[in-house]
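Below you'll find the structure, written out as C-alpha cells, and then a few comments.
The values are calculated or read from the model by the stated rules, or taken from the named source; none is laboratory data. Just so we're clear, the structure is a prediction, and the values are computed from it rather than from any experiment. Cβ placement follows ideal geometry from the backbone for every residue including glycine, while neighbour counts extend to all protein chains displayed. In case anyone asks, the SASA skips ligands and DNA or RNA and just uses the protein heavy atoms, side chains included. Shrake-Rupley method; radii C 1.70, N 1.55, O 1.52, S 1.80 Å.
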Amino acid sequence: MKTFDPVQMAIPFFVVAVFLEILLARLGKTKAHYEPRDTAMSLTMGLGSTIAGLFTAGITFAAALWVYEHRLFTIPMNAVWAWVALFFAEDLTYYWFHRLAHERRVWWASHVNHHTSTHYNLSTALRQTWTGGIAGTWLLWLPLSFLGFPPAMVAIQKGVSLVYQFWIHTESIKRMPRWFEAVFNTPSHHRVHHARNARYLDANYAGILIIWDRMFGTFIPEVDEEPCRYGTVKNLGNFNLLHNVFHEWVGIGKDVVAQPRHALGYIFGPPGWSHDGSRDTSHTLKAKWRARTSAAKAREDTAA
Amino acid sequence: MDKAQIIQLLGSALAIGLMVLLAGWARIARPMPRLTAQGARDLLAVEFPDEPVDAVWIDGDGAGLVARSGDQALVLWRKGDGYVAREAPLSRLSEARLVDGRVRLKLGDGAPRLAVPNGVWPPLELRA
C-alpha cells in the first residue's frame, strides 16, 4: 500500500481555512480575533515544527521499525478492520500522550508552546512544538508497532488525527449536534482544553474521540456562564519566538540547578510543582477556585 | 533537503507572510480600551482572585496598572490585545528609575514601560 503524509497534503487547506476565517471575521460573518504578532508566532511555530521534525524523524522512524521487527502479530495494512482497530488504538495513545504532556513538566515543556496563544483561532492549531522529538513523547506510539501495526500505518493515522484537530481550533463554531458532541472532540470541548480559567484546567485531552475523557474522568463541558480565557495560567510576557519555544525547558534547568536534591520533582512533577509548595499547580488552582465558589455560594445563601 | 522541500519551505514562508499581513489589515484584534478604575478592579479580580487589593495605580496610557497587596505589587500590562499579569515585591518595583516620564519594570520575561504622568515614582497609591 502506498503511504502518504496527511499533514503535508492538508497544508493548502490549512492556509485557505485561515484566510477564510480572517476574511469572514473582518466581514462580521463569524467570531474570530487575530492579533498580527500572535498570528505570526503561531504560524512560524508551525513551520519551525516541520523543520524540527526533520531532524528527529529518522530516529523516531528507525525506532518504530526496530520495534516492528520484534512485533507480536503481523497486521495487514490493507485490511479495513486493521484501520478501524488502529483508529481507536492510536486515539487512545494520543489521549495518554496528551494527558502526560499536560500533567508532567518535562513533557509540558515541549507542549506548552501550543498553549501560549491568548487567542483561539485556526492559526493556533498550527502553533506546534519544536522539541517534541527531544522530549521523547513519540515513544508512546511504539507499542502500536510492537503489536504489529506497520510504522507507516501508525504515521498515517497520527497525521489523520493531527489534521482532524485543526478545525476544532475555532470560536466560529459554537456547538455541534448533541450526538456529535457526545462522541467526538469538537471546538467546544477543545476551547475548554485551551482555557486558562481554573475550572477548565487539565481537561479534554482528546484527539478525535472525546469518549476517552468521559471514560477517564477528565471531561469538562464548556459552560456559557464562564467564557473561556485562553493561554497559560501565567501568560508569556513577550512575543519572542525562542522564548516561546524554550522557556519551560529553561525554567526546568534553573530549578534543577537551584534545587538538585529535588530534581526529579522539578522534572517529572506536575507543572507548577515546587519542593516547598510555594507555587501553584493545576490541582491547587482548582482547589482555590472551588473554595472561592463555595464561599460565594454560602454568602448568597446567607443573604437569601 | 531536496529541491521540492526547499520550494515547499519558501512557499510556506510566503504564505505565513501573507496571512500575517491579512490579519493586520483585517483589524480584528480584541478591542483594548483605556483602563478605567472599574476595569482595573475587574482585571485584578480575574488575574489575582485570592489577593486582597489595597490600592491601584493606573499608568498614564491606561495600558497598565500596579496594585498594592500588602508588601506585594500586582502588575498588569498590555501585550498585544491582552494583558500579562505578574507579582513582585513592592519594594523592588519602587526602586525602578524614571526615565523620560516612564518607568521600566523588570518582571522576568516581561519589562513593561509604564507612563508616569506627574513624574513621581513610586506614586502615592503604592506607598504603604
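To keep it simple, each residue is scored yes or no on (1) in the same structural domain as A:ARG127 (by TED's automatic domain parsing); (2) among the basic types (Lys, Arg); (3) assigned to a helix (DSSP H, G or I); (4) without any contact (Cβ under 8 Å) to a residue 60 or more places away in the chain.
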{"residue": "A:VAL15", "(1), (2), (3), (4)": "yes, no, yes, yes"}
{"residue": "A:LEU23", "(1), (2), (3), (4)": "yes, no, yes, yes"}
{"residue": "A:GLY28", "(1), (2), (3), (4)": "yes, no, no, yes"}
{"residue": "A:ASP38", "(1), (2), (3), (4)": "yes, no, yes, no"}
{"residue": "A:SER42", "(1), (2), (3), (4)": "yes, no, yes, no"}
{"residue": "A:MET45", "(1), (2), (3), (4)": "yes, no, yes, no"}
{"residue": "A:ALA52", "(1), (2), (3), (4)": "yes, no, yes, no"}
Members of the range A:124-143 that are open to solvent by less than 10 Å² (accessible area, probe 1.4 Å) and under 19 Å from A:MET77 (Cβ atoms) = none
Is the range B:30-41 home to any residue that is outside any loop (DSSP other than H, G, I, E, B), more than 28 Å from A:ARG290 (Cβ to Cβ) and either modelled with pLDDT of 95 or more or touching a helix residue (DSSP H, G or I) at 6+ places or on another chain (Cβ under 6 Å) (or both)?
-> yes
Flag for B:VAL99 being over 26 Å from A:MET41 (Cα atoms), over 12 Å from the mean Cα position of the chain (by Cα), β-branched (Val, Ile, Thr) and at pLDDT below 95 | yes
When both residues are 6+ apart or on different chains and their Cβ atoms are under 9 Å apart, which pairs have a first residue that lies in the range A:279-304 and is open to solvent by 90 Å² or more (accessible area, probe 1.4 Å), and a second that is small (Gly, Ala, Ser) and not in a helix (DSSP H, G or I)?
-> A:ARG279/A:GLY272; A:HIS283/A:GLY272
Which residues, counting only those in the range A:231-254, are within 18 Å of A:ALA135 (Cα to Cα), within 14 Å of chain B (Cβ to nearest Cβ) and not β-branched (Val, Ile, Thr)?
-> A:LEU242, A:HIS243, A:ASN244, A:PHE246, A:HIS247, A:GLU248, A:TRP249, A:GLY251, A:LYS254
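Scan the range B:57-66 residue by residue and report those that are within 14 Å of B:TRP121 (Cα to Cα) and not in a loop (DSSP other than H, G, I, E, B). Spell out how you get there, then give the answer.
First, pick out the residues of the range B:57-66 that are within 14 Å of B:TRP121 (Cα to Cα): B:57-60, B:65-66.
Selection gives B:TRP57, B:ILE58, B:LEU65, B:VAL66.
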Does A:PHE239 count as open to solvent by 30 Å² or more (accessible area, probe 1.4 Å), closer than 29 Å to A:VAL163 by Cα, part of a helix (DSSP H, G or I) and not assigned by TED's automatic domain parsing to the domain that holds A:LYS158?
-> no
